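What follows is a set of notes on a single structure, which appears directly below.
Coordinate-derived values only; no laboratory data. The structure displayed is predicted, hence computed values, not measured ones. Ideal geometry is used to build each Cβ from the backbone, glycine not excepted, and the neighbour counts take in all protein chains shown.
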Amino acid sequence: MALFNLTINGKSQQVDVDPSTPMLWVLRDHLDLVGTKFGCGIAQCGACTIHLDGNAIRSCQLPVSAAEGAQITTIEGLSENGDHPVQQAWLEHDVPQCGYCQAGQIMSAAALLAQNPNPSDTDIDNAMNGNICRCGTYTRIKAAIHTASK
Ligand code: FES
């Protein structure tokens with residue numbers, strides 16, 4: 001075990017965990033930030049996507065020891081009141097079906113738009129193809145990203 005000082009959603013947090021603990025479990029089990037989901041645990045599904053210094057990353061593959069000193073953002077910290085343009089577009093397009101993958105989808109989409117405010121369909125496909133949706137909401141996801149980009 002070791003102490004780690006983290007900055008999560010703009011707040012300083014300290015956790016005492018094994019250095020190899022994935023951020024996914026630090027968030028969920030130690031900090032009660034359960035909006036970030038466990039899907040596969042092997043970087044294949046995108047359900048656990050968070051932002052590390054603004055980049056979308058898989059928290060199931062990020063050891064806590066690699067997160068010190070970075071700005072970490074989870075779905076809980078993406079906006080104050082769920083009013084990030086991506087979240088508003090998600091509501092407008094009624095994107096989720098079961099909802100399980102959607103926090104990860106939204107985090108990937110928000111990172112894409114921060115880096116590329118007017119993505120083409122191909123840009124969206126390239127940015128989002130690591131986020132799997134078992135319900136197949138991909139068409140609505142793409143439409144919502146275009147709406148959020150306006
Ligand atoms: Fe991390 Fe699937 S739980 S990519």
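Data for the structure
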item: Å³ per residue enclosed by the Cα convex hull of the range 85-148; result: 68 Å³
item: Chain lengthening between C98 and A2 when straightened (0.36 nm per residue, less Cα-Cα); result: 30.8 nm
item: Coordinate range along principal axes, alpha carbons of the chain, Å, largest first; result: 45, 27, 24
item: Globularity index of the range 2-77, i.e. its alpha-carbon radius of gyration over 2.2 N^0.38 Å; result: 0.95
item: Integer Hz, Karplus 6.51/-1.76/1.60 couplings in order for the range 4-16, x for Gly and Pro; result: 10, 9, 10, 10, 10, 6, x, 10, 7, 9, 10, 10, 10
item: Hz values of 3J(HN,Hα) by residue in the range 59-76 - Karplus curve (6.51, -1.76, 1.60), Gly and Pro given as x; result: 5, 6, 10, 9, x, 4, 5, 8, 9, 5, x, 9, 8, 9, 10, 10, 4, 5
item: Dipole axis of the range 40-150 (+1 Lys, Arg; -1 Asp, Glu on Cβ), positive-most option in S79, S149, V95; result: V95
item: Charge dipole magnitude, Cβ of K and R +1, D and E -1 - the chain, Cα centre, debye nearest 20; result: 300 debye
item: Karplus-derived 3J(HN,Hα), 6.51/-1.76/1.60, for each residue of the range 79-93, Hz, glycine and proline x; result: 8, 5, 10, x, 10, 4, x, 5, 5, 5, 5, 4, 5, 4, 8
